[in-house]
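Every number in this text was worked out from the coordinates using simple rules, so none of it is lab data. All figures in this text were calculated on a predicted structure; none of them were measured in a lab. Cβ atoms come from the backbone with ideal geometry, glycine included; neighbour counts cover every protein chain shown.
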Amino acid sequence: MRKKIVVGNWKMNNNFQEAEELISTIADDLDEKEIVCEVVICPPSLYLEMASDYAEESVLFIAAQNVSSFDNGAYTGEISASMLSEMEISYCIVGHSERRKYFNETDSQLAEKVNRLLDNNIKPIFCIGEQLDERENGFQFDVVRNQMQKGLFHLNSDEFLNITVAYEPVWAIGTGVVATPNQAQEMHSYIRGLISEKYNDSTAEETTILYGGSCNSDNASILFSNKDVDGGLIGGASLKADEFVKIVMSC
Ligand code: 13P
């Protein structure tokens, strides 16, 4: 059976002390509970080591928010996948819409990032999703198919088993406008169909597909109850321990 996962993407928020308090509160709260999903925290890079130390003694896994598409060398400001793997990082987000938009990350760079991560045994959480105008014009499936093909479908089926897909409609990110359960289920089922077409049914059945975009403790359980929604990629609501723990418990 495929894994259910709830991921907290902290983005560029919190100072060191706040980050430490947040992760320790989440770890303590979850340690007292019976949870059925994997819980992943994505702090800013500078806090990865601290977070990784907390994770070692808890149920938490740690993810990076970004990685270089290059191996190692003269790339000022970059962090390589091999550096992340030295810090026991389990996952890394790739292709978040904020990186596509503000940092002009291209599909071919994203495919290279996926390759660097897999070379270093780190599992990519690959983000896809359409803009509002693309949905309004009925192109949402074309956009998502194109992102899957260019970013992931160069992998063979064994490699693909390490991928978690996150469907994050751009119009839902940080807006308070959440996809309806039907919109989420429809797209997740479409994505699973693409994976089945490209690889096979069992690879598609094994792939965890997360929903992200204005997910909170009020809407998480209805979203997660959809057959093809295997958890969430949570932004704003992952910055409050009690709210994030409630979302985890909805999974
Ligand atoms: P919000 O949950 O704040 O909408 O952000 C979603 C997101 O971008 C997670 O990666």
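Under the Cβ-under-4.7 Å rule, which cysteines of the chain stay unpaired?
Cys with no partner Cβ under 4.7 Å: C42, C92, C127, C215.
Cut-off under 29 Å on the C-alpha distance; same-chain residues fewer than 8 positions from K240 excluded. Which lysines are left, in chain and number order?
Leaving aside lysines fewer than 8 places away in the same chain, those within reach of K240 are K3, K4, K11, K33, K101, K123, K227.
Can you compute the charge dipole magnitude of the chain about its Cα centre, using +1 on each Lys and Arg Cβ and -1 on each Asp and Glu Cβ, nothing else charged? Give it in debye, rounded to the nearest 20. It would help to have the intermediate numbers written out before the result.
On the way: 19 positive and 40 negative charges, 156 e Å.
With Lys and Arg at +1 and Asp and Glu at -1, about 740 debye.
What FRET efficiency comes out for the pair V36/T175, r = Cβ-Cβ distance, R0 = 35 Å, nearest 0.05? The partial results should precede the final answer.
Details: r = 29 Å, r/R0 = 0.83.
Step by step, r from the Cβ atoms, then E = 0.75.
For the range 53-112, divide the Cα radius of gyration by the Kirkwood radius and give the resulting Rg/Rh value with two decimals. Mind dumping the intermediate values first?
Details: Rg = 13.0 Å, Rh = 12.8 Å.
That ratio equals 1.02.
So who's got an amide H within less than 5 Å of the one on K123, skipping anything under 5 residues away but keeping other chains? H placed 1.01 Å off N, in plane.
Hits under the 5 Å cutoff: Y91, C92.
May I ask which residue of H154, N120, Q140 lies farthest towards the positive end of the charge dipole of the range 100-191, with charges of +1 (Lys, Arg) and -1 (Asp, Glu) on Cβ and the Cα centre as origin?
N120
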